[in-house]
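Reading through the structure tokens given below for one structure.
Since every read-out is calculated from the coordinates, none of them should be taken as a lab result. Here the structure is a predicted model, which means the values were calculated and not measured. Ideal geometry is used to build each Cβ from the backbone, glycine not excepted, and the neighbour counts take in all protein chains shown.
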Amino acid sequence: MKDFQASMEKLRSDATEAALIRDLSTDKNKREVFDRLAKRLAQLADEVEQAMSVPKAI
């Protein structure tokens with residue numbers, strides 16, 4: 001469970017960093033790439049969080 005938590009936190013951190021790069025970029029193509037990256041990383045973090053909330057089958 002700690003591995004899932006660490007993975008989720010890392011993905012959220014990376015998504016935040018990608019969004020920051022997007023916001024600071026003056027190049028339109030870079031902004032678009034980092035926008036897609038930020039959204040995808042946030043989505044992956046959401047999926048990890050959702051997987052953590054599913055009860056284990058015994």
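Numerical summary
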| item | result |
| --- | --- |
| Residue pairs meeting the criteria (Cβ under 9 Å; at least 6 apart or on separate chains; first not basic (K, R), in the range 34-55; second not in a helix (DSSP H, G or I)) | F34/S25; M52/M1 |
| Matching residues, the range 1-26, being among the β-branched types (V, I, T), assigned to a helix (DSSP H, G or I) and more than 9 Å from the chain's Cα centre (by Cα) | I21 |
| Cross-chain or 6+ apart pairs with Cβ under 7 Å, the range 1-28 first and closer than 11 Å to K39 by Cα and touching a residue at least 40 places away in the same chain (Cβ under 8 Å), then surrounded by 11 or more Cβ atoms within 10 Å (Cβ to Cβ) and of a type outside the set (F, W, Y) | none |
| Top-ranked residue in the range 1-22 [being closer than 13 Å to R40 by Cα and of a type in the set (D, E); ranked as surrounded by the fewest Cβ atoms within 10 Å (Cβ to Cβ)] | E17 |
| Members of the range 27-41 found to be of a type outside the set (D, E) and either outside any helix (DSSP H, G or I) or under 11 Å from the mean Cα position of the chain (by Cα) (or both), listed by number | R36, L37, A38, K39, R40, L41 |
| Selection status of V48, assigned to a helix (DSSP H, G or I) and more than 13 Å from the chain's Cα centre (by Cα) | no |
